[in-house]
Amino acid sequence: MKKNILFIVLAIALFGISCKTTKKTNTNNSNITTENPKLDENTYRFVVSFISIGEGIDTKLNEDFTKLMADTEGKTKKKMNAENYSRGREGEIQYCLKLNDYTTKEKDTFLKEIKSLIGDSKLVILTENCACTNKK
């Protein structure tokens, strides 16, 4: 149990360090944050992190998210070129998406779909306009 709490505290600290100016969005979903965009090569439009609290990630939600990405690519005829990084031993994974070829409207639509998919899950953290914290 102490290891789980330590992992959660470390994960929160890592996200806090990577994105210094965080403000909550206007949704009730507390796992979605928005940062002030720094337009450089290290800034990603969305970073979606599937975390574990001692029992692994929500694999169904992860599958649904990867399907959403594929469906969006099919609709827009544009590649997301998602970078994904495995973390930990319980299947934790982070998707880093720049979406440079997408219009603002396409990005906004995708964001709404992500938020709808995630719902109130405590096992997914969505960050906007942020560095990819687990990039190797």
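Tabulated data for the structure shown
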quantity: Scope region 68-116; condition without any contact (Cβ under 8 Å) to a residue 60 or more places away in the chain, assigned to a helix (DSSP H, G or I) and within 20 Å of Glu41 (Cβ to Cβ); matching residues; calculated: Thr104
quantity: Some residue of region 73-80 being within 25 Å of Ile53 (Cβ to Cβ) and surrounded by 15 or more Cβ atoms within 10 Å (Cβ to Cβ); calculated: no
quantity: Meets criteria (modelled with pLDDT of 90 or more, at positive phi and not basic (Lys, Arg)) for Gly56; calculated: yes
quantity: Among (1) at pLDDT 85 or above; (2) surrounded by fewer than 18 Cβ atoms within 10 Å (Cβ to Cβ); (3) hydrophobic (A, V, I, L, M, F, W, C) - the single one Phe65 does not satisfy; calculated: (2)
quantity: Of residues in region 38-67 being part of a loop (DSSP other than H, G, I, E, B) and hydrophobic (A, V, I, L, M, F, W, C), the one farthest from Glu92 (Cα to Cα); calculated: Leu39
quantity: Residues satisfying the stated conditions in region 92-136, i.e. within 11 Å of the chain's Cα centre (by Cα) and of a type in the set (S, T, N, Q); calculated: Gln94, Thr127, Asn129, Thr133
quantity: Single unsatisfied condition, Asn29 versus (1) at pLDDT 50 or above; (2) under 16 Å from Thr127 (Cα atoms); (3) assigned to a loop (DSSP other than H, G, I, E, B); (4) under 16 Å from the mean Cα position of the chain (by Cα); calculated: (1)
quantity: Failed condition for Arg89, given (1) within 23 Å of Ile53 (Cα to Cα); (2) under 13 Å from the mean Cα position of the chain (by Cα); calculated: (2)
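The values are calculated or read from the model by the stated rules, or taken from the named source; none is laboratory data. Since we're looking at a predicted model, the values are computed, not measured. All Cβ positions, glycine included, derive from the backbone under ideal geometry; neighbour counts span all protein chains shown.
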